[in-house]
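First up is the structure itself, then whatever we jot down about it.
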Amino acid sequence: MEKLSNKISETFVAEDAEGAERTEIAGQPVVIFRPKKGKVVGVTFVVTAANMPLSKYTSIIDALNSVDHVVVGIYVNAITLNRNTHRIKAEAIPQIFEEIKTDFRVNKFDIVGHSVGAKIALLTAALYDEQNQIRNIVALDPVDQNPVEFTNESQLKQVLGGGSKSQSNADGGDGKNLSLTSSKADITLTFTDSGSMIVSKKHNAREIQKKNPSVKLVLHRNTHHMVYTDEGGLLSWKALMGKGESPDRNKAVKAETLQLIKEKAMKSSIGGSATGQVNSVMGKVKKEWKSAKAELKELGEDGMKKGNQLAGAAKFTSMFKM
């Protein structure tokens, strides 16, 4: 029994991964992971699934650190979850960024969220990004439940039928679904068909994407909801979420996801100071090209003069030969 208790603690307690820096920013507890090189070109928030410690996302954190992104980890504690928790976490993300962006010399940020953490990422884009500071979101198998915010059919029918906002649903909705259509962020959702007892088909990534067609959807079939986490611990949410049909398939999906996250981060890094560096190089190239062009023109003019002189001399010589 003691062994089982220890395994439960290892799986569900918010333990820190190696190299973590636990702190509080904007009134929120966060864990910061800095690139080992010391160079920073971007900031990515990693928001966990409910009660899943950040140590279960070490491979994602390492992938982001490897492309010089600082990772700000946010742990979602389902024990204290209430109707407002999702929005409180979502609103905190840009507030945290405001306090750290000067230190890291960046003006935009990315978010990688998993499960309820993915939903929180989407809430940030839908409600709290007035300054358009979010560059990319990778929402890994988002769960739009407790409360429903993006996929509530009763809310949608109510709006189409002319219902008023005062007719809020029991889950705390405001009479209509939230939308991602006005977001300037590059948003990608992933979807697994795990057949989970917890993730409703009415409120998964596919349903969110149907109502927000501008958002990209990546299908990860024949795998499970927790495929994006690192293995470890006897007991995990996989007991409720399914395990997928093939270990090889799970491994392939994990590798594809890490590559997607890295590519988005690297793409987002071509901005800010990186853009300035690129523009500086291009400016030097243009300057050198203009200089070379001027030199060629000058040489050409000199050549023409010398050619004309030689032609004149030849003509003068031929007159004497006659």
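The values are calculated or read from the model by the stated rules, or taken from the named source; none is laboratory data. Since we're looking at a predicted model, the values are computed, not measured. Note that each Cβ is placed from the backbone with ideal geometry, even for glycine, and that neighbours are counted across all protein chains shown. For accessibility, only protein heavy atoms count, side chains too; no ligands or nucleic acids. Shrake-Rupley method; radii C 1.70, N 1.55, O 1.52, S 1.80 Å.
Determine whether the range 50-69 contains at least one residue that is outside any helix (DSSP H, G or I), at pLDDT 95 or above and open to solvent by less than 10 Å² (accessible area, probe 1.4 Å). Yes, the range 50-69 contains a residue that is outside any helix (DSSP H, G or I), at pLDDT 95 or above and open to solvent by less than 10 Å² (accessible area, probe 1.4 Å).
I'm checking my understanding of the structure. Among residues of the range 137-148 that are open to solvent by 10 Å² or more (accessible area, probe 1.4 Å) and touching a residue at least 60 places away in the same chain (Cβ under 8 Å), which one is nearest to P213 (Cα to Cα)? Only one residue tops the list, namely V143. In the set (1) assigned to a helix (DSSP H, G or I); (2) among the β-branched types (V, I, T); (3) open to solvent by 30 Å² or more (accessible area, probe 1.4 Å), V218 fails one condition alone, (1).
Does at least one position in the range 97-107 carry a residue that is of a type in the set (S, T, N, Q) and either open to solvent by less than 20 Å² (accessible area, probe 1.4 Å) or in contact (Cβ under 8 Å) with a residue 60 or more places away in the chain (or both)? Yes: the range 97-107 contains one or more residues that are of a type in the set (S, T, N, Q) and either open to solvent by less than 20 Å² (accessible area, probe 1.4 Å) or in contact (Cβ under 8 Å) with a residue 60 or more places away in the chain (or both). For the condition at pLDDT 95 or above and not acidic (D, E), V76 does not qualify.
Among the residues of the range 18-39, those that are in contact (Cβ under 8 Å) with a residue 40 or more places away in the chain, open to solvent by less than 40 Å² (accessible area, probe 1.4 Å) and either touching a strand residue (DSSP E or B) at 6+ places or on another chain (Cβ under 6 Å) or not β-branched (V, I, T) (or both) comprise A20, A26, Q28, V30, V31, I32, F33. Residues of the range 226-271 that are modelled with pLDDT of 75 or more and part of a loop (DSSP other than H, G, I, E, B): M226, V227, Y228, T229, D230, E231, S246. Against the test of being at pLDDT 95 or above, outside any helix (DSSP H, G or I) and either touching an Asp or Glu at 6+ places or on another chain (Cβ under 6 Å) or within 18 Å of S179 (Cβ to Cβ) (or both), the options N107, N136 yield a single qualifying residue, N136. For the range 183-203, residues that are at pLDDT below 95 and buried (at least 17 other Cβ atoms within 10 Å of the Cβ) total 6.
Evaluate the following for A125: is it outside any helix (DSSP H, G or I), in contact with a Leu (Cβ under 7 Å, 6 or more places away or on another chain) and either open to solvent by 10 Å² or more (accessible area, probe 1.4 Å) or not basic (K, R) (or both)? When the stated conditions are applied, A125 does not pass them.
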